[in-house]
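Q: The structure is given below, and queries will be raised subsequently.
None of the figures in this text is laboratory data; all of them are computed from the coordinates on show. Note that the coordinates shown come from a computational prediction; the quantities given were computed from them, not determined experimentally. Positions of Cβ are generated from backbone atoms using ideal geometry, with glycine treated the same way; all protein chains shown enter the neighbour counts.
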Amino acid sequence: MDLFHRKRAEALAAKVRQLPGYPDFPGAAAGQARYDHIGALIADAALQAAIGFNSVVRPRVQRLLAAWPEADTVDLFLVRVAAEGLHEVLDWKDAEKPARALRLANLLATEGVQTVDELRNWCRLPDSRGKLLKVKGVGEKTADYIAMLAGAPAVAVDRRIRAFVGSGTDQEIRGLLAAVATALDLDLGVLDRVVWAAGKAALPPDSRPDTVDVTVAVPADRAARFHDLAERWLQGRANAEWRVTDHELAIALWQQLDDRRRRLFGVLIQRPGHRYRADELVELSGAAMTLKNLTSLLSQPSVLSEQMGRAWPWQYDYPEGRQKPAVYWFEPDIAEMFGKAGAVVEEESDPVHSIE
């Protein structure tokens, strides 16, 4: 580590020493795995991306634990998957995430990993992260998430971590926190959770310019409408198309979606540009919905978008004429933005990072 990064690490260590509870942070135990059941851990890791943990992931993992209590090794998990499949036990209709779980299980089997304890030790190996990242559907955050589920030291870099640490690439920030953990004799996983919790207070305040009062005379019967239009104009041109810079708006919209609508969005953004028929959306979302209430489910995010000065974020068309059902899709850049928004919302309530 060069002099500049050593100085940054020293300054960061000083900040950590000022955090409440240092050095024995409450509720942040080193090496503590969330599960002692490898099948549950694999299911959690495969499902969690851009989906609420408490409302979606937790109940499905609990279903798996209740149905397959003996599947606590990778081999036994794979036996049950081969015999019964994952879709029913997880109550999941989309094919991708159960397939992702199977790919993870096959990797671990190939690596000779059978239990959570073995996974924790495997995650400490220098080449394990690279192998995880080669699995389709596993990105940087999920690779860190898997290590953290197993109780291995890891850092999941997100906007809260960045708010506390400062600028730098993900690799630089992980390196800085690793240096701080060594200097302060702290477990890296514990440090990650503590810094993540402290990062919320470190997020920058509203950076908009100062406002001034403006008085405008309008007809009394149109004052409410004028006020509404002015608010939308301040947020962006009313009913403008979503832009890739609308990150905060996308996060705000995602926060207000319930579980059914998040799953509906999840299907659309998983395959950007793919035109889904209405019946496909109903089937793949796995939500309690029918063709009749699809329009109703889409109406809420449409209204929320309008309140934000944006049109609905999806595209639609009638390739067979308006007498036939429409097709729906997300453009790739907007799908990516909403995928990241869902991940941010998930991180805000990420139980792995929680030290409550």
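Q: Starting from the Cα of GLU280, step 7 Å along the direction of its Cβ; do the same at THR110; then give the gap between the two resulting points in nm.
A: 3.0 nm
Q: I'd like the distance separating the alpha-carbon centroids of the range 151-191 and the range 62-108, in whole Å.
A: 32 Å
Q: May I have the convex hull volume per residue, in Å³, for the Cα set of the range 51-93?
A: Working: hull volume 3.1 nm³, N = 43.
Once divided by residue count, the hull of the range 51-93 is 73 Å³.
Q: Considering amide H positions built from the backbone, and no H for Pro or chain starts, which residues 5 or more places from GLN315, or on another chain, come under 5 Å of its amide H?
A: Correct list: TRP329, PHE330, GLU331.
Q: Next up: Under a 5 Å amide H to amide H cut-off, with H placed in plane at 1.01 Å, what residues pair with ALA240 once short-range neighbours are removed?
A: Correct list: ARG310, ALA311.
Q: Once you have a ≥ b ≥ c as the square roots of the Cα gyration tensor eigenvalues for the range 1-81, tell me rounded if a/c is under 1.5, and otherwise prolate or oblate according to whether a/b is larger than b/c. Spell out each step's value before the answer.
A: Values: a/c = 2.82, a/b = 2.51, b/c = 1.12.
Prolate, since a/c reaches 1.5 and a/b exceeds b/c.
Q: Rounded to the nearest whole Å³, what is the per residue volume of the convex hull around the Cα atoms of the range 245-304?
A: Numbers: hull volume 5.1 nm³, N = 60.
Dividing the Cα hull volume of the range 245-304 by its residues yields 85 Å³.
Q: Turning to a different aspect of this structure: Placing unit charges on C-beta atoms (Lys and Arg positive, Asp and Glu negative, everything else neutral), compute the dipole magnitude of the range 1-126 about its Cα centre in debye, rounded to 20. Please list the in-between numbers first.
A: Numbers: 16 positive and 16 negative charges, 145 e Å.
Taking the Cα centre of the range 1-126 as origin, the dipole is about 700 debye.
Q: Another question about this same structure. Using R₀ = 35 Å, calculate the FRET efficiency as 1/(1 + (r/R₀)^6) where r is the Cβ-Cβ separation of SER299 and GLN62; round to 0.05. Walk me through the numbers on the way to the answer.
A: Values: r = 32 Å, r/R0 = 0.91.
Computed FRET efficiency for SER299 and GLN62: 0.65.
Q: Which net charge results when you count Lys and Arg as +1 and Asp and Glu as -1 among the other residues whose beta-carbon is under 10 Å from that of VAL89? Walk me through the numbers before you get to the answer.
A: Working: positive: ARG60, ARG63, ARG80; negative: GLU84, GLU88, ASP91.
Spelling it out: positives minus negatives among the neighbours equals 0.
Q: Which one of GLY137, LEU104, VAL155 is farthest out on the positive end of the charge dipole of the range 68-164, using unit charges on Cβ (Lys, Arg +1; Asp, Glu -1) and the Cα centre as origin?
A: Positive-end residue among those listed: VAL155.
Q: Taking θ = phi - 60°, what integer Hz values does the Karplus form 6.51 cos²θ - 1.76 cosθ + 1.60 yield along the range 116-127, in sequence order, with x for Gly and Pro?
A: 5, 4, 5, 5, 4, 5, 5, 5, 7, 6, x, 9
Q: Which distance in nm do the two modelled labels at ALA95 and ASP333 give, with both placed 7 Å along the Cα-to-Cβ direction?
A: 3.1 nm
Q: Starting from the Cα gyration tensor of the range 49-161, take the square roots of the eigenvalues, sort them a ≥ b ≥ c, and report rounded, prolate or oblate (rounded when a/c is under 1.5, otherwise prolate if a/b is larger than b/c, else oblate). Mind showing how you got there, number by number?
A: Numbers: a/c = 1.70, a/b = 1.24, b/c = 1.37.
Because a/c hits 1.5 or more and a/b fails to exceed b/c, the range 49-161 counts as oblate.
Q: In nm, what is the difference between 0.36 nm times the number of residues separating ASP36 and ARG162 and their Cα-Cα distance? Intermediate values should be presented prior to the final figure.
A: Details: separation 126, 0.36 × 126 = 45.36 nm, distance 3.11 nm.
Answer, rounded to one decimal: 42.3 nm.
Q: Using θ = phi - 60° and the Karplus relation 6.51 cos²θ - 1.76 cosθ + 1.60, list the HN-Hα couplings for the range 260-276 in order, rounded to whole Hz, with x at every Gly or Pro.
A: Karplus-based 3J(HN,Hα) across the range 260-276 equals 5, 6, 5, 5, 5, 4, x, 5, 5, 7, 6, 10, x, x, 6, 8, 8 Hz.
Q: Right, another one. Using amide H atoms built 1.01 Å from N in the peptide plane, name the residues 5+ places from GLU111, or on other chains, whose amide H lies under 5 Å from its own.
A: The list, which skips near neighbours in sequence, is empty: none.
Q: In whole Hz, with x marking every Gly and Pro, tabulate ³J(HN,Hα) for the range 10-23 from phi via Karplus 6.51 cos²θ - 1.76 cosθ + 1.60, θ = phi - 60°.
A: The phi angles translate into 5, 5, 5, 4, 5, 5, 5, 4, 7, 6, x, x, 4, x Hz.
Q: Which of the peptides 312-320, 138-146 is most tightly packed, and how do the rest follow, going by the mean number of other Cβ atoms within 10 Å of each residue?
A: Values: 312-320: 15.0, 138-146: 20.3.
Order by mean packing, descending: 138-146, 312-320.
Q: Along the Cα→Cβ direction, 7 angstrom out, place labels at GLU140 and ALA29. What is the inter-label distance in nm?
A: Using points 7 Å along Cα→Cβ, the separation is 3.1 nm.
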